[in-house]
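Please read the structure below before turning to the comments.
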Protein chains: 4
Amino acid sequence: MSYQKILNTIEQDLSYKDVYGEVASYIPELAKIDPKKFGMFLYCVNKGKFEFGDSREKFSIQSISKVFTLSLAMKLLGEDLWERVHVEPSGDPFNSLTQLEYENGIPRNPFINSGALVIADILVSNLKDPKADLLELVRKISGNPNIDYDTTVATSEKSTGYRNYALVYYMKALGNIKNDVETIVDFYFHQCSLSMSCEDLAKAFMIFANQGKMLETGEKILTPKKVKRINSLMQTCGFYDEAGEFSFEVGLPGKSGVGGGIVAIHPEQYSVAVWSPILNKKGNSELGMAALEKLTTMTGLSIF
Amino acid sequence: MSYQKILNTIEQDLSYKDVYGEVASYIPELAKIDPKKFGMFLYCVNKGKFEFGDSREKFSIQSISKVFTLSLAMKLLGEDLWERVHVEPSGDPFNSLTQLEYENGIPRNPFINSGALVIADILVSNLKDPKADLLELVRKISGNPNIDYDTTVATSEKSTGYRNYALVYYMKALGNIKNDVETIVDFYFHQCSLSMSCEDLAKAFMIFANQGKMLETGEKILTPKKVKRINSLMQTCGFYDEAGEFSFEVGLPGKSGVGGGIVAIHPEQYSVAVWSPILNKKGNSELGMAALEKLTTMTGLSIF
Amino acid sequence: MSYQKILNTIEQDLSYKDVYGEVASYIPELAKIDPKKFGMFLYCVNKGKFEFGDSREKFSIQSISKVFTLSLAMKLLGEDLWERVHVEPSGDPFNSLTQLEYENGIPRNPFINSGALVIADILVSNLKDPKADLLELVRKISGNPNIDYDTTVATSEKSTGYRNYALVYYMKALGNIKNDVETIVDFYFHQCSLSMSCEDLAKAFMIFANQGKMLETGEKILTPKKVKRINSLMQTCGFYDEAGEFSFEVGLPGKSGVGGGIVAIHPEQYSVAVWSPILNKKGNSELGMAALEKLTTMTGLSIF
Amino acid sequence: MSYQKILNTIEQDLSYKDVYGEVASYIPELAKIDPKKFGMFLYCVNKGKFEFGDSREKFSIQSISKVFTLSLAMKLLGEDLWERVHVEPSGDPFNSLTQLEYENGIPRNPFINSGALVIADILVSNLKDPKADLLELVRKISGNPNIDYDTTVATSEKSTGYRNYALVYYMKALGNIKNDVETIVDFYFHQCSLSMSCEDLAKAFMIFANQGKMLETGEKILTPKKVKRINSLMQTCGFYDEAGEFSFEVGLPGKSGVGGGIVAIHPEQYSVAVWSPILNKKGNSELGMAALEKLTTMTGLSIF
C-alpha cells in the first residue's frame, strides 16, 4: 500500500471522538487549543512527502524542543556533556525531584525536565544569545525561516511553572546549575514555546533519519555518532514513563510534547510528525500514539 | 570486511587484561570461573556462522534466562500478563525493593528480578512441570538436547539469595505472588543456572531476529507481535540501569547475565552471543559490551 | 478528683459506639475479637490500683512485646546494640522496606517491625531458649506466672506474615541478620502472641516508671540509664507514624499494639494500660488513645 | 550540688578542643564565627539565673527561630494550622524534598525547613508586617528591646539558600504556598538571622517552661494547651534526624540551630540555652549537646 493510502486510512480510522484523555490544562495558554485538531506529515529519505489534516498548522512543540537543545549542546560540548546529565531511562514521571535527591543533582537523562534544564544551563554558559542560536538551528533544519517563539505561551508557563523553578534551584544547591536561575528558566520556557507544524517538525527531524545530514542540501549538522546517541535516547527516554510502551507499540525512536505533538524517525527511511492535543494519562498524545502505531503496523517497518 | 574478519579483529583487539571489573562474587559457584574466558558466536539469518575463542564452552546464563521464561509466559497468557508486570524501564538497580513499595508490588518490567519472579510464579501456576517445559523450549530453539540446569549453581544461589526471597515474600504480601515461596524461588534459581555456550545462545535467540520462527525448520515459536514486544523490552530494559548506555553503545536489543554472557539480535540480520566473566560496576560483561560495540561499529549495522 | 473517679468518668464518657475504626483484620485470629471490649488499669508508684471494664481479660499484646524484648536485649548487650538498630523516629509506616534500602539494612529504631526483628535475632544469638527467657522476664515483672504465648495467634500470623519474612530476608541480604530466618520469625510471632491483661501490662511496665526497679520487691531489673533510653524511645517512636500526635495528645512515653492495647508510663507517678480493639487508620487503638488523653488532661499530669 | 557549681563543672570539663566537628560553612557569614565561643545560661522558674562564658554574646539563632514563628502562627490560626503542616518526626534530613514529593507538599512538621517555610507563608498571609510582629514578640518574651535581625547574615543566606527556594517553589507547585516566593524566602532568612544571646534565648523560652506565661509579669502569651503542643514537637522533632538521640541523651524538649545554639526547657523547672558553634554531622552543636547532657545527668532531672 502506498504511504498516502496508509495516511488516508489513519485519518479515516482514528478520531478525537474515540479517545478519552484531555487537553493539557496546567499551562493556561495550551488549555485553549481546539481538541479536534489532527494532522500528520511523513517525510521520506527518497524525498517523498505525505500528509493529512492539520499538518501545516503550527502548535506548541513543548518537550519536543528538548531534542533540538540537546543537539545544540552536543555540537558545543561533545562527550563532556554526560558528566552533567546521564543517559538512562528514569522510570519516574517527567518532573520527579526524588530521583535528583538520590542522585546528587545529576538528572537521569536530557529528556526529563531536570535534564533539559541542565542542557539549558549549558547553552546559556556557552552561547552569547542562545535563544537566537536555537531559532537559527531550528529554522535551518526545518527549512522554514518563519518559525518563532510564542511569547504568550512562554509567559503563561512562567507564571505557573513553579516545579521547574524548584528543579533548577535544587540542582543549583547541588552544584549542577552554573547560571542565574531566571535566565535558565526564561530560556527553557521559550524553547518549549516554539511554534511549529507537523511539516516543520518532520523536516527538522530528517537529520536524525539521515545520519546527521540535511536531506535537500546534504549539509552535515551532526556526526553519525551523535545522531546514534540522540536516536538511542529518544528510543529509551523519549516518552517519560511510557517509553517502554511506545517502544513496543510504535517501535521507533521519537519524542512527544504536552502540546500534543509527536515526532518519530525510522533511520534511513523517514521522519514523521503527528499532532492531536488530547493527552493520555502519561501526558502523550493519545491519537498521535495510535497513528504512529498504525503507521508502523501497516508499513511493516519497525526497528524491531 | 567479512564477518569472520570482524570477529578476528575483535578477538585480537580486546583482552581481559585491559578491563578493570571483577567476576561476580555474590554467588559462590560463579566466583570460581576463570576470568580469562572470552568467546563469541554470530549467527546470521542467511545461515552463516562465525565464532572465536571459548564460543562453545558452557557457562551460567543467569538473567539471560529471563528472556526464555518470558517467552514461555507470553505463549501461555498473552496480554493478560501485563497486569502483573509492567513494561517500563526501571531506572533502579535490578533488585530494588523501593520501587516495588511505591508501585504496590507490580514490578516495572520482566527483566528486573522482581519481574522475573512474577513470571516464575505465572509459569508455576500454569504448567505441571515448569522446569521440564523450560528445558524443552530451550533445547528445541537452540537445537542442543544436552543443555541442562547446573544444580550446583542453583544450590549455591539458593544458599545466598536472600534478596530474592525478600522480593518474593514482599510481592506475596502485596498479592502479586500466588504460589508457595519455596517453589518459585527453586524454579527461579534453576532457570538462572541453565548452562549454555555462546553457540547455544546465539542459535536460541535466532527466533527473535527471525520474526518468531526457527531458522532451520521454519517452525513458528512466537508470533511476530510477541517477538516485537520482547525485542522492545530487551532494548529498553535488558541491561539493568545501564540500558541507556547499551542502547547507545551497541544499538541492539539484548540481554545480559552476571555469568558474563550477553546476547543481542539485529532483526532480520543476525543473533550474536558473547561471553567474558569480568563485570563492570553495573553488573554487565565489560569485554562483552566492548565486543558488541565493535561489532555494530565495524558492520555499520545498528537499529539507529 | 480521685484516680478512681477519673477512670469512672473515662468509662462513662467513651464508648466503642462513637469510634469509626476497625478491628485489625490482617491477622485472622485477631479479627475475631469482640470490638466492644474496653478496659483500663492504672498502677501508681504509691501502690494504688484503679481499674474498670475488661481490665483483667487477656488479649494479644502484639507490638507492645517489643518493649520487653528490647529490655532483654539491653540487659544482654548494652550500648553495642545500637550498631545494629538506630534510635531515631522513622517517619514511615511500621513496615517500610524503602527506609531499610536507603539505610543499608539498619532499622531506624527497635519499635518498627524491622528493628524488632533485629532484636529478635540478637536474642536468638545470645540466649539458649529465648522464648523461655522472655516468658520468665514478663511473668516476673508482671507478677503473673500464668502469662503465656497464644500459639493459635502465633500460627495465624506466621501463615500471613509475608511482609515480616521479606524484612528479615532483606536484612539478611544486607548482613544485619545472623541466624536462620525461620527461627527468628518463629520467635517474633511468638513474642507478639503474648496474651496479657491490662492489669498484667500496667504491673509489668511499672519498672519503667520506677527507675528500673520492681515496685513490690525493689528488685533491680534495669539500670536507670537503660530505663531512660527505653522511655525516650517510647516517647519518640512508640506509635509508628503517629508518635508525634500521641506525644502531644497524651504526652507520655508509651507503646501500642494492633491487638488494641496501649501502655504508657508517667515517670515516678504511674503506669497505665488500656485496651479496646478498634484501631484508627494508623493502627493504634482509637478508644485507648482517647482514654489516655482524658487521663492526662484530667490529672493535669503530662511530661510537658 | 548548686546550679552554679554544675555550670562551673560543665565549663571546666568541656572544651572546643575535644570536639571534632566544624563550624557551619554553607552560609558564608556564619563560617566566620570563632569556634572557641562557648556560653550557657540557665533560668529557673524560681527566678534563679546561672551562667558562664559567652552567655551574653549575641549569635545567629537560625532554626531556633522556628519555635518563635510557630508560636506566632498558633496564636493566629489555632488548630487549622495542622492542615498545612503535620506534627510527626521526619526521619529525614532537615531539607529533604523526597518526603514532600510522597506527601503531596505537606511538610512532616514545622521544624524541618519546608514546615518552617509554610509557617512563614501563613504569617505573611495573616500579618501586615510579619518581620515587625516577630521582632515585637521576641523582644517582649526575652525582655530585651535591642534584639534585631542581622541583615548581613540574611543577605548571605539568601545568596546561597537555593535549596530553600527549591522547597518553596515545589510546595507552591503543590498548592501549599499562597504568597509570592521572594516575600516568603525574604521573611524566612530574616527570621533565621535573629541575633540573640544565651541569656536572651533562655529568657524567651521561659514561657514554654511556665505554661505559656511570662515569668516576671505573669502575662499570658500562649495557652497551656498550645505550649504542650510546642513542647511535644520540640521533644519529637527539635533536632532534625538526631531527635531520638537528643531525647535520650538530654531528655528535654529543645531546639537547635546551625549557628551553634541550643535551647531546652524542663517544664516547671527551668529553661536553658547553650552556645558553641562547632557542629556534629547532624548539624547540632557538639559541645551544646554535651553540656545539656551533663546538666540533666548532674541535676538528675529529665522528663523520663
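The values are calculated or read from the model by the stated rules, or taken from the named source; none is laboratory data. If you're wondering where the values come from, they're calculated on a predicted model, not measured in any experiment. Backbone-built Cβ (ideal geometry, glycine too); neighbour counts: all protein chains shown. Heavy atoms of the whole protein, side chains included, go into the accessibility calculation; ligands, DNA and RNA do not. Shrake-Rupley method; radii C 1.70, N 1.55, O 1.52, S 1.80 Å.
With a ≥ b ≥ c taken as the square roots of the eigenvalues of the C-alpha gyration tensor of chain C, please select rounded if a/c is under 1.5 and otherwise prolate if a/b is larger than b/c or oblate if it is not? It is prolate, given that a/c is not under 1.5 and a/b is the larger ratio. Over chain B, DSSP H runs of length four or greater, each weighted -39,500 (n - 2.57), average out per residue to a 222 nm ellipticity of -13500 deg cm²/dmol. Among A:Asn231, A:Asn176, A:Asn146, which one shows the biggest mean-square fluctuation in a GNM of chain A, springs joining Cα atoms closer than 10 Å? Result for chain A, Cα springs under 10 Å: A:Asn146 fluctuates most. The GNM of chain D, with springs linking C-alpha atoms under 10 angstrom apart, assigns the highest mean-square fluctuation among D:Glu157, D:Glu79, D:Glu268 to D:Glu79. Rounded to the nearest 20 debye, the dipole magnitude of the stretch C:65-192 is 160 debye, with +1 charges on Lys and Arg beta carbons, -1 on Asp and Glu beta carbons, and the Cα centre as origin. Nearest chain A C-beta to the A/C rotation axis, reported as residue and distance in angstrom, is A:Tyr102, 4.
In plain terms, if you count all Cα to Cα distances in the protein assembly as shown and split them into 10 Å steps from zero, the share in each step is 2, 9, 16, 18, 18, 16, 12, 6, 2, 0 percent.
Shielding of peptide D:79-89 by partners, expressed as the average count of other chain Cβ atoms within 10 Å per residue Cβ, is 3. One decimal, nm, shortest first: give the distances between the label point of D:Gly175 and those of the same position in the other copies, each label point 7 Å from Cα along Cα→Cβ. From this label point to the equivalent ones elsewhere in the assembly: 2.7, 3.8, 4.6 nm. Summary for A:Gly78: label point 7 Å along Cα→Cβ; distances to the equivalent points in the other copies, ascending, 5.4, 6.2, 6.9 nm.
When +1 charges are put on Lys and Arg Cβ atoms and -1 charges on Asp and Glu Cβ atoms, the dipole computed for chain C relative to its Cα centre reaches about 620 debye. Across chain C, C-alpha contacts under 8 Å between residues 6 or more apart give a mean separation that, scaled by the residue count, equals a relative contact order of 28 percent. Spin-label model, C:Lys281 to C:Glu216: label points 7 Å out along the Cα-to-beta-carbon direction sit 4.4 nm apart. Computing FRET efficiency as 1/(1 + (r/R0)^6) for A:Lys47 and B:Leu127, where r is the C-beta to C-beta distance and R0 is 41 Å, gives about 0.15. When chain A is treated as a GNM with alpha-carbon contacts under 10 Å, the residue of A:Phe41, A:Phe52, A:Phe239 showing the greatest mean-square fluctuation is A:Phe52.
Protein heavy-atom surface of the protein assembly as shown, 1.4 angstrom probe: 47% of the accessible area is carbon and sulfur, with nucleic acids and ligands not counted.
Under 12 Å between alpha carbons, and skipping anything fewer than 8 positions from A:Lys47 in its own chain: which aspartates and glutamates qualify? Filter leaves A:Glu216, A:Glu268. One Cα centroid belongs to the stretch D:125-179, the other to the stretch A:131-165; the line between them spans 36 Å. Across the identical copies, the label point of A:Ala132 (7 Å from Cα in the Cβ direction) is separated from its matches by 4.8, 7.8, 8.9 nm, in order from shortest.
Per residue of peptide D:167-178, the mean number of Cβ atoms on other chains within 10 Å of the residue Cβ is 4. Put simply, the amide H of A:Asp148, placed in the peptide plane, has neighbours under 5 Å in A:Ser195, leaving out anything fewer than 5 places away on its chain. Checking the a/c ratio against 1.5 first, then a/b against b/c, what shape does the Cα gyration tensor give for the stretch A:1-77? Here the stretch A:1-77 falls in the oblate category. Charge dipole of the protein assembly as shown (Cα centre as origin; +1 on each Lys and Arg Cβ, -1 on each Asp and Glu Cβ, all else neutral): 0 debye, rounded to the nearest 20.
Separation of the stretch B:62-114 and the stretch B:244-266 by C-alpha centroid, Å? Between the Cα centres of the stretch B:62-114 and the stretch B:244-266 lies a distance of 18 Å.
Across the options D:Val85, D:Ile119, D:Gln62, the greatest Cα extent toward the positive end of the charge dipole of the stretch D:29-145 (unit charges at beta carbon of Lys, Arg, Asp, Glu) belongs to D:Gln62.
Just check the stretch D:1-136 against the gyration tensor rule for me: Cα atoms, a ≥ b ≥ c as the square roots of the eigenvalues, rounded for a/c under 1.5, and otherwise prolate or oblate depending on whether a/b exceeds b/c.
prolate
A convex hull fitted to the Cα coordinates of the stretch B:64-192 yields 101 cubic angstrom per residue.
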